[in-house]
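K.L.:
Would you mind keeping the following structure in view while I ask a few things?
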Amino acid sequence: MSQIEDLKHELQGLRVEVNAGKLYKSLGLKLSDLLDTVPVTPKTDVSLPDDGAGIKGLILHLNEEIREGTLTRIEDGDLLNLLNHLKSPDPAIRDKGVYFLFNDLMQQKVLTQDQLRLAIRYLSSDQVLFSHITEPENEAVYQRSFAVLILSLVLYADRVSYHVLTADEISAVVDQIACYIILEKDTRGFIGSNGWAHVYTHIGNLLDELADRDSLTRADKLFLMATLIERYKQLDGALIFGEPQRIAGYLAHLTSKNRLYADYLLSQLKRWRQQLIIIQTSENEAVWNRIYNRGRLIEAMIIRHDFNEAIMQYLSSVIDFLA
């Protein structure tokens, strides 16, 4: 974890510089340099939870109480048990079980304020977000990805209903998510009988939610957008399960809030095109995935047609460059 701690420290330094107005144009370059330092480690065994009758019975029992309108509280131990089963490769437990249940828990405001904070701390912890993240593709991706998805739910619930998280608590999530985005290279969407991983769709959900956080500065929101753009550029796998469309939605949402974001995005789109012209000289699968990932994002942005005039004009001008 020492290399990840070093990376986190470097990102925190960049964030401070952006907020101090000392870093803007070269932010992408500095983030790109950090991406080159992401460690690669050998594959190790992933510890999976017991998907037996215990968790299935808990999910069934809680769902029954929700349907009957009798669920008013949940024990801390049960809450942590549910969150632990985000590790499950079984979509009936992870996705249709824990995730669907959390939607209902949030809507009915079953969690206490302390439990909301407990969930945030757990989901954004190093042990969850960075589990096996520097290794080749592995089953820990389910926990990482669904932790990000449920983080977006919990943050939304706090913003519209609970109103308990402090600016410092939200800031800590930003630091963790920025580091997570830099580290996460798994681009798998739907994985056989295990269902959705969908990392970059879930990242789009979370960044979209953070874009509406008044406690975050414009610099923080710019920093998160820049981090996503630089990581997206260097993903070697293909994003073909709707991720470009979700990210285009996030970019449209953020850039509609302030011209600062739109101007930065436009500058990075122009720089991206120049970078691709250079890397096309070395043909391999990763390079072509990067080219097509960009193409799919540009197409998704064009179809939305809700960016400002300068961005739309640029997008129209590069249609002929799409792979």
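K.L.:
Considering only the range 1-59, how many residues are within 15 Å of Ala178 (Cα to Cα) and basic (Lys, Arg)?
P.N.:
Count: 3.
K.L.:
Cβ-Cβ below 6 Å, separation at least six or inter-chain, first residue in the range 236-249 and buried (at least 17 other Cβ atoms within 10 Å of the Cβ), second not hydrophobic (A, V, I, L, M, F, W, C) and not in a helix (DSSP H, G or I): which pairs?
P.N.:
Gly237/Thr187; Leu239/Thr187; Phe241/Gly189
K.L.:
Would a scan of the range 131-140 turn up a residue that is assigned to a helix (DSSP H, G or I) and closer than 28 Å to Thr41 by Cβ?
P.N.:
Looking for residues that are assigned to a helix (DSSP H, G or I) and closer than 28 Å to Thr41 by Cβ, one finds none in the range 131-140, hence no.
K.L.:
When you scan the range 118-128, do you find a residue that is within 29 Å of Leu48 (Cβ to Cβ), at pLDDT 95 or above, open to solvent by 20 Å² or more (accessible area, probe 1.4 Å) and in a loop (DSSP other than H, G, I, E, B), even just one?
P.N.:
yes
K.L.:
Additional query: Mind checking which pairs have a first residue in the range 301-316 that is closer than 17 Å to Leu260 by Cβ and a second that is charged (D, E, K, R) and at pLDDT 95 or above, Cβ under 9 Å, 6 or more apart or different chains?
P.N.:
If the second residue must be charged (D, E, K, R) and at pLDDT 95 or above, the pairs left are Asn308/Arg259; Ala310/Asp263.
So that you can scan it fast, the table gives a plain yes or no per residue for (1) polar (S, T, N, Q); (2) over 30 Å from Asp114 (Cβ atoms); (3) open to solvent by less than 20 Å² (accessible area, probe 1.4 Å):
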position: Leu165; (1), (2), (3): no, no, no
position: Ser171; (1), (2), (3): yes, no, no
position: Ile177; (1), (2), (3): no, no, yes
position: Tyr200; (1), (2), (3): no, yes, yes
position: Leu207; (1), (2), (3): no, no, yes
position: Ser215; (1), (2), (3): yes, no, no
position: Leu228; (1), (2), (3): no, yes, yes
position: Ala252; (1), (2), (3): no, yes, yes
position: Tyr264; (1), (2), (3): no, yes, yes
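K.L.:
Which residues, counting only those in the range 58-80, are within 23 Å of Ala147 (Cβ to Cβ), open to solvent by less than 70 Å² (accessible area, probe 1.4 Å) and out of contact with any Asp or Glu (no Cβ under 9 Å at 6 or more places or on another chain)?
P.N.:
Ile59, Ile74, Gly77, Asp78, Leu79, Leu80
To keep it simple, each residue is scored yes or no on (1) touching a Lys or Arg at 6+ places or on another chain (Cβ under 9 Å); (2) in contact (Cβ under 8 Å) with a residue 60 or more places away in the chain.
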{"position": "Thr112", "(1), (2)": "yes, no"}
{"position": "Arg117", "(1), (2)": "no, no"}
{"position": "Ser131", "(1), (2)": "yes, yes"}
{"position": "Glu135", "(1), (2)": "yes, yes"}
{"position": "Asn138", "(1), (2)": "yes, yes"}
{"position": "Phe146", "(1), (2)": "yes, yes"}
{"position": "Leu151", "(1), (2)": "no, no"}
{"position": "Ser161", "(1), (2)": "yes, no"}
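K.L.:
So how many residues does the range 169-184 have that are under 11 Å from Arg144 (Cβ atoms) and of a type in the set (D, E, K, R)?
P.N.:
1
K.L.:
Restricting to the range 62-106, name every residue that is without any contact (Cβ under 8 Å) to a residue 12 or more places away in the chain and either of a type outside the set (A, V, I, L, M, F, W, C) or assigned to a loop (DSSP other than H, G, I, E, B) (or both).
P.N.:
Glu64, Glu65, Arg67, Glu68, Gly69, Thr70, Glu75, Gly77, Lys96, listed by residue number.
K.L.:
Kindly indicate which of Leu165, Leu149 is under 20 Å from the mean Cα position of the chain (by Cα), assigned to a helix (DSSP H, G or I) and at pLDDT 95 or above.
P.N.:
Every option except Leu149 fails the conditions.
K.L.:
Of (1) touching a His at 6+ places or on another chain (Cβ under 8 Å); (2) not in a helix (DSSP H, G or I), Pro39 satisfies all except one. Which?
P.N.:
(1)
K.L.:
Something else now. Could you grab the pairs with beta carbons closer than 6 Å, sequence gap of 6+ or different chains, first residue in the range 25-51 and acidic (Asp, Glu), second one in a loop (DSSP other than H, G, I, E, B)?
P.N.:
So the pair list comes out as Asp51/Ser88; Asp51/Asp90.
K.L.:
Can you give me the number of residues within the range 30-42 that are surrounded by 11 or more Cβ atoms within 10 Å (Cβ to Cβ) and more than 21 Å from the chain's Cα centre (by Cα)?
P.N.:
1
K.L.:
I'm trying to understand the selection: among the residues of the range 1-29, which are exposed (fewer than 15 other Cβ atoms within 10 Å of the Cβ), within 22 Å of the chain's Cα centre (by Cα) and farther than 23 Å from Ile133 by Cβ?
P.N.:
Within the range 1-29, Val16, Leu29 qualify.
K.L.:
Would you mind stating whether Asp306 is open to solvent by 30 Å² or more (accessible area, probe 1.4 Å), among the acidic types (Asp, Glu) and part of a helix (DSSP H, G or I)?
P.N.:
Against the criterion (open to solvent by 30 Å² or more (accessible area, probe 1.4 Å), among the acidic types (Asp, Glu) and part of a helix (DSSP H, G or I)), Asp306 does not qualify.
The values are calculated or read from the model by the stated rules, or taken from the named source; none is laboratory data. This structure is a prediction, so every number in the text was calculated from the model and none was measured. With ideal geometry, Cβ positions are generated from the backbone for all residues, glycine too; neighbour counts draw on all protein chains shown. Ligands, DNA and RNA are stripped out before the accessible areas are found, and what is left, the full protein with its side chains, is counted by its heavy atoms. Shrake-Rupley method; radii C 1.70, N 1.55, O 1.52, S 1.80 Å.
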